[in-house]
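Here's the structure we're looking at; comments come further down.
The values are calculated or read from the model by the stated rules, or taken from the named source; none is laboratory data. A quick note: this is a predicted structure, and the numbers were derived from the prediction, not measured. For neighbour counting, all protein chains shown are included, and Cβ atoms are generated from backbone atoms with ideal geometry for every residue, glycine included. Heavy atoms of the whole protein, side chains included, go into the accessibility calculation; ligands, DNA and RNA do not. Shrake-Rupley method; radii C 1.70, N 1.55, O 1.52, S 1.80 Å.
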Amino acid sequence: MPNISLGIIGGGQLGSMLTVAAKKLGIKVIIYCDDTNGPAQNFCDEYICGSYDDHNKINEFVDKVDAVTFEFENIPFKTLDEINKTKPVLPKPSVNRIIQHRLAEKDFVNKLNIRTTRYATVDKKSDLESLGDLLPGILKTTTLGYDGKGQYPINSLEEIDSLNIDFTKDYILEKLVKLKKEISVIITRFGIYNYEIYEPIENKHEDQILKYSEIPADISQKILDQSKEWTIMLAEELKYIGTMCVEFFVDKNDNLFVNEIAPRVHNSGHLTINAFNISQFENHIRAVCKLEKIPLKKLSNAKMVNLIGEDILHYRQDPFLEKNQFFFDYLKKEVKKKRKMGHLTTLK
Ligand code: ADP
Ligand code: MG
């Protein structure tokens, strides 16, 4: 058993699943989270609650761990960079600085000659008036968006006034892609061209929130190969250590676009817990704790459904699970509309 204390920033469902994977490997887990109700406290060895810029509290946390990783990308860069001066933060903070800003992220991807949607920056209302050729499009805040938060679909210039857009924030406007489907590719990188990559996962969203993920994805060999190749290129260029995910769009003409990169484990990869010998969570822990890399083996096809809001209640009360079904309750205290409460994976 390795004698390692791992610090994880963020105590939601991803932090919980990372913790469970780490505990299985005999690693001590200390969570730092700004939410007194974070569900990961049900699984970790120690749970420290504080804000992400409280230096004293953060130092108390850092003193107790050998290395630090995180469950979400929106931790202030300054905080991660400070921690990294005394204990290794993996993936490294510079990765976050690029990815937590939609413009820096898209510029980074395009520099590698990897296709994204067309986009432009929007700092004020008048910027939109010259961007008619990007409509219909989606206006997205450059920072802090998730699950469709901070996004305004715009069909025409006439609509703008009625949308009550908060122009104190910075945005990018993205051309709407005529979607055939969405896929994601998850990779865990351990070092230079040393990685394990999962096959593309097909994703369906409802209200811009992920609802279903499934393998195998129903895509052409060309899309399969290209999505994996681009994911490897992005991970290598970022010198990434740990698990990351690339979200892609496939349009009606079978063109592939990178939508965004998640520098962390990803909701679409929950099915890897049951469908592979090593889950995205265990692989992340193995990579950031410098443990052995085990060759990845698929065990089964699978479909995952996210249980959002009150969806969870039925499964809590009366699960009726088949042998090939696995129900996960994130143990969040309050059921809220649009909140991810749990998931169900069915092996096929
Ligand atoms: P988030 O950070 O909230 O995940 P995304 O940029 O991934 O933001 O957008 C959420 C979802 O909204 C996408 O998965 C997709 O279904 C839809 N969407 C976002 N941008 C576009 C676009 N340019 N064209 C078509 N659909 C889009
Ligand atoms: Mg997304």
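Summary of computed values
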item: Net dipole in debye of region 118-175 [+1 Lys, Arg Cβ; -1 Asp, Glu Cβ; about Cα centre; nearest 20]; result: 200
item: Contour minus Cα-Cα distance for M233 and S51 (0.36 nm per residue); result: 62.1 nm
item: Most mobile of E310, E159, E229 in a GNM of the chain (Cα contacts under 10 Å); result: E159
item: Top of Q317, Q208, Q280 by mean-square fluctuation, Gaussian network on the chain, Cα under 10 Å; result: Q317
item: Furthest towards positive pole of dipole, N110, Q13, I138, structure part the chain, Cβ charges; result: Q13
item: Whether the chain is rounded, prolate or oblate, judged on the alpha carbon gyration tensor where a/c under 1.5 counts as rounded; result: rounded
item: Charge dipole magnitude, Cβ of K and R +1, D and E -1 - the chain, Cα centre, debye nearest 20; result: 820
item: Ratio of Rg to Rh over region 179-347 (Cα coordinates, Kirkwood Rh, two decimals); result: 0.97
item: Crossing angle, helix 102-111 versus the chain [Cα axis fit, 0-90 degrees, rounded to tens]; result: 80
item: Overall form of region 65-176 per C-alpha gyration tensor (a/c, 1.5; a/b vs b/c); result: prolate
item: Accessible carbon and sulfur surface of the chain relative to its total accessible area, %, 1.4 Å; result: 49
item: Solvent-accessible area per residue, Å², over the chain with all protein chains present [probe radius 1.4 Å]; result: 46
item: Part-to-part distance (alpha-carbon centres) for region 142-208 and region 61-139, which is given in Å; result: 12
item: Theoretical ellipticity at 222 nm over the chain - DSSP helices of four or more residues, -39500 (n - 2.57) apiece, nearest 500; result: -7000 deg cm²/dmol
item: Total charge dipole magnitude, region 5-89, about the Cα centre, Cβ charges on Lys, Arg, Asp, Glu only, Debye to nearest 20; result: 320
item: For the chain, built as a Gaussian network whose Cα springs stay under 10 Å, the top-fluctuating residue of N164, N324, N277; result: N164
item: Cα gyration tensor shape for region 118-175, rounded if a/c is under 1.5, else prolate or oblate; result: rounded
item: FRET efficiency, E158 to R339 (Cβ-Cβ, R0 35 Å, nearest 0.05); result: 0.55
item: Loop-located chymotrypsin sites (Phe, Trp or Tyr not before Pro) in region 260-336, at most 11 other Cβ atoms within 10 Å (DSSP); result: F320
item: Inter-probe distance in nm under a simple model that places probes 7 Å from Cα toward Cβ, at F327 and E206; result: 1.8
item: Peptides ranked, highest mean first, by Cβ atoms within 10 Å: ranges 45-56, 177-188; result: 177-188, 45-56
item: Inter-label distance for Y193 and K24, nm, one decimal - labels placed 7 Å from Cα along Cα-to-Cβ; result: 3.1
item: Of K252/K348; K211/K336; K111/K239, those spanning more than 20 Å from alpha-carbon to alpha-carbon; result: K252/K348
item: Full-extension gain in nm, E310 to Y146, via 0.36 nm per residue minus C-alpha separation; result: 57.0 nm
item: Spacing of the two label points (7 Å from each Cα toward its C-beta) at N277 and Q221, in nm; result: 2.6
item: Added length on full extension, which subtracts the Cα-Cα distance from 0.36 nm per residue, K180 to Q317; result: 45.7 nm
